[in-house]
Amino acid sequence: MPVHDNVILDLLPLVRGGYASSESQQLVEEHLRAHPELALMVAGIPSMTPELELRALQRTRKVLRHSTWEKAAAMFFTVLPMTFVFDDRHVRFLFADYPGLIVGMAVTATVFWFRAYWSKRCNEALGR
């Protein structure tokens, strides 16, 4: 049964990391011997060292932390103008007397929501 090159590329990190079975290692080695153009391409792919894996993990954590703070700030500035108190049997919005402040909070919330959306879109485009 012929094996597609994508299957070999999927197995390659496991083989290089020593996590693949001996049969999978043998399959990859035989396929690379039979397909020298793929073997040449694979030779140019850097192997994952523990330092590189750690850097990737740290970068992922940093991106997630940054994204979390952006979304939290966006939610905070979205909800803040709607805060209210009960005052002598009436509901009173805290910022009702300050329309400029409400507009400023709305603009700030919009900026944070846009940044969160844009970061998500850029990360998806990069495959993160």
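Structure notes:
- Magnitude of the charge dipole, the chain, Cβ model with Lys/Arg +1 and Asp/Glu -1, debye to 20: 580
- Sum of -39500 (n - 2.57) over DSSP H runs of 4+, divided by residues of the chain (222 nm, nearest 500): -24500 deg cm²/dmol
- Sparsely packed loop sites in the stretch 1-96 (the chymotrypsin sites (Phe, Trp or Tyr not before Pro) outside DSSP H, G, I, E and B with at most 11 other Cβ atoms within 10 Å) comprise TYR19.
- Note on VAL107 and ALA125: the extension gain reaches 3.8 nm, defined as 0.36 nm multiplied by sequence separation minus the Cα-Cα distance.
- Springs join every pair of Cα atoms under 10 Å in this Gaussian network model of the chain, and among VAL103, VAL85, VAL42 the largest mean-square fluctuation is at VAL85.
- The stretch 87-128, accessible area per residue, ligands and nucleic acids excluded (1.4 Å, Å²): 86
- Within the accessible area of the chain (1.4 Å probe), percent carbon and sulfur: 65
- Comparing MET41, MET75, MET105 in a Gaussian network model of the chain where C-alpha atoms under 10 Å apart are linked, the largest mean-square fluctuation is found at MET41.
- Reported label for calculated volume of the Cα convex hull per residue in Å³ given (1) 179; (2) 149; (3) 108: (1)
- Solvent-accessible area per residue, Å², over the stretch 5-70 with all protein chains present [probe radius 1.4 Å]: 76
The values are calculated or read from the model by the stated rules, or taken from the named source; none is laboratory data. The structure displayed is predicted, hence computed values, not measured ones. Heads up, the Cβs are rebuilt from the backbone with ideal geometry, glycines too, and the neighbour counts pull from every protein chain shown. The accessibility values were calculated without ligands, DNA or RNA, using every heavy atom of the protein model including side chains. Shrake-Rupley method; radii C 1.70, N 1.55, O 1.52, S 1.80 Å.
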